[in-house]
Amino acid sequence: MAEDPSITRLTRLVKLTLAINAAMMLVNGALGYFLLIYVVNEPATVEGVSIGAAGTEATNGDPRADMREFFKRTNSLLERTARRHGTNPMDVCPTTEEFDAAVESRTMHSPESELVLQKLREGYDYYNLTWPVAVPQR
């Protein structure tokens, strides 16, 4: 018994549609994978962990290395977030001169350090970022 040509054509169209959909699912899966790897890949931070990395210990009671590392880490996250949102980082981040003045004060309680911390906190609040728990206490 011979099949009707319209049924044969319909069967071929259904098979072609299924093949195209399967190929598109593979392409979408690959794009999603690369999106996760290259775009969303942010370094994970664990709250409550000391910010001092190996080799960044303060020497002779000088807190400048710890302060510089803390400011660098918090500012880099704020800069990346500002760029991701299409904002100029200079609008929300402290300047290099303000960082240097805060570090040279050698304490997180100086007016220079409080100014930098205030700008960083305002930026973190604006972008809904979690403020780091480990802040140098000197």
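The values are calculated or read from the model by the stated rules, or taken from the named source; none is laboratory data. Bear in mind the structure is a predicted one, so any value in this text is a computation, not a measurement. Cβ coordinates were reconstructed from backbone atoms using ideal geometry, including for glycine residues, and neighbour counts include every protein chain displayed.
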Seminar exercise, completed: Within the stretch 113-130, the residues that are in contact (Cβ under 8 Å) with a residue 40 or more places away in the chain and part of a loop (DSSP other than H, G, I, E, B) are TYR127, LEU129, THR130
For this session: Just give me the residues in the stretch 104-138 being more than 13 Å from LEU77 (Cα to Cα), of a type in the set (Val, Ile, Thr) and at pLDDT below 90, in sequence order.
Result: THR107, VAL133, VAL135
For this session: Could you give me the residue pairs with C-beta distances under 8 Å whose first residue belongs to the stretch 101-112 and is buried (at least 18 other Cβ atoms within 10 Å of the Cβ), whose second residue is part of a loop (DSSP other than H, G, I, E, B) and of a type in the set (Val, Ile, Thr) wherever it lies, and which are 6+ apart or on separate chains?
Result: MET108/VAL135
For this session: Being in a helix (DSSP H, G or I), touching a Leu at 6+ places or on another chain (Cβ under 8 Å) and in contact (Cβ under 8 Å) with a residue 12 or more places away in the chain is the filter here, so list the residues in the stretch 85-100 that pass it.
Result: GLU98
